[in-house]
1. Considering only segment 65-82, state which residues are among the acidic types (D, E) and part of a loop (DSSP other than H, G, I, E, B).
2. One residue is enough: does segment 42-50 have a residue meeting the conditions away from the ligand (no atom under 16 Å from the Cβ), open to solvent by 70 Å² or more (accessible area, probe 1.4 Å) and part of a helix (DSSP H, G or I)?
3. Report, ordered by the first and then the second residue, all pairs with beta carbons closer than 8 Å, sequence separation of six or more or different chains, a first member in segment 105-116 that is among the aromatic types (F, W, Y), and a second member that is in a helix (DSSP H, G or I) and surrounded by fewer than 22 Cβ atoms within 10 Å (Cβ to Cβ).
4. I'm trying to understand the selection: among the residues of segment 70-95, which are open to solvent by 50 Å² or more (accessible area, probe 1.4 Å), within 13 Å of the ligand (Cβ to nearest atom) and more than 20 Å from P20 (Cβ to Cβ)?
5. Among all residue pairs at least 6 apart or on different chains, which show Cβ distances below 9 Å where the first residue, located in segment 53-78, is more than 22 Å from A124 (Cα to Cα) and among the charged types (D, E, K, R) and the second is away from the ligand (no atom under 12 Å from the Cβ) and open to solvent by less than 50 Å² (accessible area, probe 1.4 Å)?
6. Out of the residues in segment 147-174 that are part of a loop (DSSP other than H, G, I, E, B) and hydrophobic (A, V, I, L, M, F, W, C), state the one that is most open to solvent (accessible area, probe 1.4 Å).
7. In segment 52-69, which residue that is within 12 Å of the ligand (Cβ to nearest atom) and over 15 Å from the mean Cα position of the chain (by Cα) is surrounded by the fewest Cβ atoms within 10 Å (Cβ to Cβ)?
8. With respect to V118, is the statement that it is crowded, with 16+ Cβ neighbours inside 10 Å and modelled with pLDDT under 85 true?
Amino acid sequence: MSSTDSYPANASLLIVEDEPKIARLMADYLTGHHFAPTLIEHGDDVLAWLDANTPALVLLDLMLPGMDGTTLCREIRQRWPALPIIMVTAKVEEVDRLVGLEMGADDYICKPFSPREVVARVKAVLRRSRAAESAPIEATAPIAPVTLDDEGWMALAKGQDLGLTAVEFQLLRVMMHAPGRIFSREQLMDHMYRDNRIVSERTVDSHIKKLRKKITEALPEQEIIRSVYGVGYKYQPEG
Ligand code: CA
């Protein structure tokens, strides 16, 4: 029994997905990990269900019959601001828009996904939202150890430019976008090179190694990029 999981056992989840096979796969896997999922296939049924029920999290497909995922995400964010949302989409090019300020989703999962990834992501988002809930207000926005200057393609630590290459910057940016999320080497490769060139997973490791070295030189007391054995990497500052 893990003591680090801060969400209740059998937490209720809402899965909004119109492809029965995918919905079933997600539901079965989540049930196997002690969640209690409810399935809704039609976008028009979601808001009414949420009026009557209080899930711990919503997994929301982007393309739905009836009210689409984009509209639903905005609507849920407005009416239930604390309810975590994970968008599920096959449109990789949409993800930047889904997460963050524009639509307010907490995270995203790209199709095709592995059920294991779904469970990992659900747990990570729940942990984050529980932590934000219980933390005092002034502590919910800690000062980031590294900040990004998107226009200059620069990463700064303690006000100093880390001198990252374009690829290192891109890797850091992708991971910082979803703190705590574990990225596989394959997912990172997709973000590194837009032209589908073939690179090996060892190339990713080598870029990450250089990136971590530059960060450690500026911030020797902190580990920010963590490797997750057998899975990949994540951005997770301490504290
Ligand atoms: Ca769909």
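1. Hit for segment 65-82 is D68, nothing else.
2. No, there is no match, as no residue in segment 42-50 is away from the ligand (no atom under 16 Å from the Cβ), open to solvent by 70 Å² or more (accessible area, probe 1.4 Å) and part of a helix (DSSP H, G or I).
3. Y108/V95
4. Across segment 70-95, the qualifying residue is only K91.
5. Correct list of pairs: E75/V46; E75/L47.
6. Ranking the candidates gives W153 first.
7. Here the residue is P65.
8. In short, no.
The values are calculated or read from the model by the stated rules, or taken from the named source; none is laboratory data. None of these values were measured; they are calculated from a predicted model. FYI the Cβ positions are ideal-geometry reconstructions off the backbone, even for glycines, and counts take in every protein chain you see. Remember, those area values only see protein heavy atoms, side chains included, never the ligands or the DNA or RNA. Shrake-Rupley method; radii C 1.70, N 1.55, O 1.52, S 1.80 Å.
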